[in-house]
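First up is the structure itself, then whatever we jot down about it.
The values are calculated or read from the model by the stated rules, or taken from the named source; none is laboratory data. What you are looking at is a predicted structure, and each value in this text was computed from that prediction instead of being measured. Every residue, glycine among them, receives a Cβ derived from its backbone with ideal geometry; neighbour counts consider all protein chains shown.
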Amino acid sequence: MLAEEGSGNGGYTVTDSNPTTGTGSSGNSNSSHLGPSSSRQSDTTSSMSPANGSRNQPSNANDGCVGPDSTNAGRASACAGCPNQNICSSGEFNSAEAQAEKMQEEADLRSGLQDVTHIVLVLSGKGGVGKSTIACQVALTLASRGYTVGMLDIDICGPSTPRMLGVVGQEVRKSGSGWTPVYVNENLSVMSVAFLLPDNDAAVIWRGPRKNGLIKQFLTETDWGNGEGIDYLIVDTPPGTSDEHISTVQYLRTIGGVSGSIVVSTPEEVSMADVRKELNFCKKTFVPVIGVVENMATFRAKLTDLTFVKNLNIDNDQEDVELVCTNEVIQLLREKCPEVLDLTIKADVFAPSNGGPRVMAEKFNVPFLGSLPLDPNLLKACEDGVCFVDHYPGSSAARPLNKIVDNLVKALPITENSTIEDIKEFKFAL
Ligand code: SF4
């Protein structure tokens, strides 16, 4: 069970009254996985160098930040006016203790993630756009294609992936090699704060440092793939660009960076305005954008999947009374015009603004991965925790979702020689 806010030393400790969960050192040392564990490590060497100036760069740093651990931190010309100038120039980040702590952190992260081939963040600027739906269904679809997949839910205050993957109420296990995540099936496992809570309705009311501590534990102590590693780690994030995003990106930058991000938006301006900030966050934190996904652009359903109702009391002040007449309507259509029964109905859910997410992606010079319609069967698959494309292969969102996963696999292929270099072309070209 998780400790109360403020009960740990500095808020970084997860206490454990349950023998199946808790803390421990990472023991994930297997290196036989297909993925480029060694590539990830060797690739990180240059990016870890203080000389490149980007490592551990705070998200509120000035452009041109030399890095708080640089010998020039706080004194470089780029530091003028930076909110961190005092602490950077104090040399605190360069003390022997800070350096030792940093090296230990890097070693733990490298050990915990060395057998993960690709790490993909799923981001959205705004809540309610279907980010977790897409993250979970991308993970289920990849697993259905035979890839080994991990799902990491870093939405500490609103974890929803256990429900969407059909594993609510299960517990993570503690073993000699770290936390064993919950297995959805043999090649898909999930880690979420929800598995550490005393009940499904428990609220997590934590400040930033406490959340960061748990995310670090997830990254360093989860035994992905039962010692054999995984092909894809899909990271479901909370909306916006909060502590969870910043700390995850900074931790991962320590060991070579995130492979890429999928950015989800609905087509209306209120969502896209926030997503543009998310894209700028990716640019500033050097997270390559694999692509933008448009969600819920239209409602699409087969005519035969609809429920027809007659509205009664429509002309008075009473609450409307509906009378379901689906059978009657379908029978009538079958007799009079059976050809329409094969049709799909379509309606705009949101008015697209300025060309919608596709045009926004063009303006940011990042790929557009695809557009998913609002499909009731997709929502049902998430409620039931099942793979949508397997259970509803003919449903309107199945082809677009498969295409999005095709594009993801094309961007981040799994081969014997996969390396993080493969994704260079997806980096921001702005
Ligand atoms: S003071 Fe300089 S080194 Fe420190 S965060 Fe700001 S820009 Fe970076």
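Restrict the check to region 210-220 and report whether at least one residue is touching a strand residue (DSSP E or B) at 6+ places or on another chain (Cβ under 6 Å), of a type outside the set (D, E, K, R) and in the same structural domain as V270 (by TED's automatic domain parsing).
Filtering region 210-220 down to residues touching a strand residue (DSSP E or B) at 6+ places or on another chain (Cβ under 6 Å) leaves 218.
Those left that are additionally of a type outside the set (D, E, K, R): 218.
Adding the requirement that they be in the same structural domain as V270 (by TED's automatic domain parsing) leaves 218.
The answer is yes, given that some residue of region 210-220 is touching a strand residue (DSSP E or B) at 6+ places or on another chain (Cβ under 6 Å), of a type outside the set (D, E, K, R) and in the same structural domain as V270 (by TED's automatic domain parsing).
Of the residues G176, G169, G213, which is on the phi > 0 side of the Ramachandran plot and of a type outside the set (K, R)?
On the way: G176 fails: on the phi > 0 side of the Ramachandran plot; G213 fails: on the phi > 0 side of the Ramachandran plot.
Checking each option against the conditions leaves just G169.
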Can you tell me which residues in region 59-82 are under 23 Å from L279 (Cβ atoms) and either surrounded by fewer than 17 Cβ atoms within 10 Å (Cβ to Cβ) or among the basic types (K, R) (or both)? S59, N60, D63, G64, A78
Taking only pairs six or more apart or across chains, which ones have beta-carbon atoms under 8 Å, a first residue in region 356-373 that is at negative phi, and a second residue that is in a loop (DSSP other than H, G, I, E, B) and of a type in the set (A, V, I, L, M, F, W, C)? F364/F428; F364/L430; V366/F428; L372/A397; P373/A397
Considering every residue within region 239-255, establish whether at least one is surrounded by 18 or more Cβ atoms within 10 Å (Cβ to Cβ), at pLDDT 85 or above, under 18 Å from K131 (Cβ atoms) and in contact with a strand residue (DSSP E or B) (Cβ under 9 Å, 6 or more places away or on another chain). yes
In the set A139, A107, which member is more than 16 Å from the ligand (Cβ to nearest atom), small (G, A, S) and surrounded by fewer than 15 Cβ atoms within 10 Å (Cβ to Cβ)? A107
